[in-house]
1. Rounded to the nearest Å, what's the spacing between the alpha carbon centres of the range 56-86 and the range 92-153? Just the number, please.
2. Could you tell me what a quarter of the Cα convex hull surface of the range 1-81 works out to, in nm² with one decimal place?
3. Among 125, 49, 110, which one shows the biggest mean-square fluctuation in a GNM of the chain, springs joining Cα atoms closer than 10 Å?
4. From largest to smallest, what semi-axes in whole angstrom does the range 86-158 give when each is the square root of 5 times an eigenvalue of its alpha carbon gyration tensor?
5. Distances over 29 Å make up what percent of all Cα-Cα pairs in the chain?
6. Highest GNM mean-square fluctuation, the chain, Cα pairs closer than 10 Å: which of 113, 50, 140?
7. Find how much the distance from residue 105 to residue 10 grows on full extension, using 0.36 nm per residue of separation minus their present alpha carbon separation; answer in nm with one decimal.
8. Once every DSSP H run of n ≥ 4 in the chain is given -39500 (n - 2.57) and the sum is divided by its residues, what mean residue ellipticity at 222 nm do you get, rounded to the nearest 500 deg cm²/dmol?
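FYI, it's all coordinate maths here, none of it is from the lab. Everything quoted here is computed from the prediction, not taken from an experiment.
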């Protein structure tokens with residue numbers, strides 16, 4: 001159940017104060033999930049990497065557990081060693097699919113919790129994953145397509 005559903009009558013500021021900020025203090029980031037809505041894709045993203053000068057990370061079209069696994073793994077990699085670069089292809093590893101990194105065109109239009117904490121000066125990278133056949137959404141034979149995994153930015157590879 002979502003925090004807001006479990007805490008009726010509490011405000012967004014309460015959510016930031018009681019849930020988001022403590023999680024970021026404890027772990028360095030937290031994962032925010034957003035269900036699909038009218039004009040809004042299903043997505044999950046980190047909140048907190050901005051605190052250490054890094055872009056937030058985003059995935060779309062995955063169930064919470066899988067999205068969280070990918071985001072936590074790559075957030076940890078970014079904090080410890082290296083932020084993935086736009087256009088970089090990250091090989092399949094640790095039970096994760098291969099990913100291609102795409103910068104978000106308009107992160108402030110989608111990452112509301114990050115915007116509430118940091119204002120409009122946030123950067124974000126989408127981790128676009130290959131499907132079960134090794135195809136990315138832009139591949140002609142992809143089965144994931146735009147419906148399952150919308151790409152929220154402009155691809156930097158050919």
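1. Cα centroid to Cα centroid, the span is 10 Å.
2. For the Cα atoms of the range 1-81, the hull's average projected area reads 5.9 nm².
3. Taking springs between Cα atoms under 10 Å, the residue moving most is 110.
4. Calculated on Cα positions only, the semi-axes equal 25, 13, 11 Å.
5. Looking at the chain, the distances longer than 29 Å represent 15 percent of pairs.
6. Result: 140 has the largest fluctuation of those listed.
7. Working: separation 95, 0.36 × 95 = 34.20 nm, distance 3.19 nm.
Working it through step by step, the gained length comes to 31.0 nm.
8. -7000 deg cm²/dmol
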